[in-house]
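Each remark here refers to the structure printed beneath this line.
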């Protein structure tokens with residue numbers, strides 16, 4: 001039986017097919033690394049957009065760069081389920097959203113946004129802003145919140161339902177509606193730690209769901225170039241990846257392309273793309 005979120009990849013060499021059997025847990029197959037990029041041109045672009053009345057954030061740009069990279073390297077937009085490799089049939093990104101209550105308490109929810117091939121930085125930013133507005137109030141509940149609240153309302157139910165969901169997911173029986181609302185079934189999960197005045201970390205990959213990449217954004221910092229004496233703004237991204245999706249050389253090329261896009265951000269806006 002097929003999946004609603006992906007298509008089984010065929011024609012994979014035997015060695016690559018056996019790797020998910022050797023490392024059958026996502027956390028067993030996780031590699032960690034970092035991407036450090038020069039923010040000079042990106043910072044100038046975001047400032048220019050803000051002056052023009054378009055509020056575009058750093059996380060918007062990182063997400064847009066990742067989405068563009070996936071368009072050029074679709075093999076990174078794969079996932080492993082039940083020791084098989086699937087090509088995801090859409091591009092989506094999840095992130096945690098913090099809600100601050102009047103009494104100072106902090107609530108957190110997770111949201112997922114779907115993107116289209118024609119999306120660029122500006123349309124991606126608009127989608128992100130729309131989702132944040134819909135979910136930022138403490139009293140607002142999204143579909144995932146409502147599902148979790150109902151799930152936790154009865155004794156023993158959470159364990160039974162979660163186990164049932166895991167079995168359905170493993171055997172491609174997961175309802176499309178659950179996959180659609182689950183933030184754990186996503187191309188990439190991102191955490192903007194810079195907004196919390198924190199450095200990047202290496203976040204684990206969830207064994208539940210299909211998330212194959214997790215990115216955290218660290219605090220921007222100023223570095224003096226030893227050769228020119230000029231000050232540069234740099235940001236480091238902590239990245240966790242599922243190495244089973246493709247060959248290591250392909251992952252390396254994808255991360256190089258990701259950094260290149262961030263350092264040449266005009267490519268993120270369609271009318272400026274060379």
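What follows draws every value from the coordinates through simple rules; no lab data is involved. For clarity, every value in this text was computed on a predicted model and none was experimentally measured. FYI the Cβ positions are ideal-geometry reconstructions off the backbone, even for glycines, and counts take in every protein chain you see.
Assorted remarks:
- Region 147-184-region 54-132 distance, computed between alpha-carbon centres (Å): 22 Å
- Computed over the chain, the convex hull of the alpha-carbon atoms projects to a mean area of 17.2 nm².
- Normalised by the number of residues in region 6-272, the mean separation of alpha-carbon contacts (under 8 Å, six or more apart) gives a relative contact order of 30 percent.
- Shape category assigned to region 218-274 from the gyration tensor of Cα positions, a/c cut at 1.5: oblate
- Normalised convex hull volume, region 1-104, alpha-carbon set, Å³ per residue: 215 Å³
- Stretchable slack from residue 224 to residue 1, in nm (0.36 nm times residue separation minus alpha-carbon distance): 74.7 nm
- Of 82, 24, 149, the one that fluctuates the most in a GNM where the chain has Cα springs shorter than 10 Å: 149
- Pairwise FRET efficiency - residue 198 versus residue 71, Cβ, R0 = 41 Å, nearest 0.05: 0.85
- Residue of 52, 209, 238 that the Gaussian network model of the chain assigns the largest fluctuation, springs spanning Cα pairs under 10 Å: 52
- GNM flexibility winner over the chain from 28, 120, 38 (Cα, springs under 10 Å): 28
- Compactness of region 170-221, taken as the C-alpha radius of gyration over 2.2 N^0.38 Å, stands at 1.42.
- Under the simplified labelling scheme, the residue 152-residue 17 pair shows an inter-label distance of 4.3 nm, with each label point 7 Å from Cα along Cα→Cβ.
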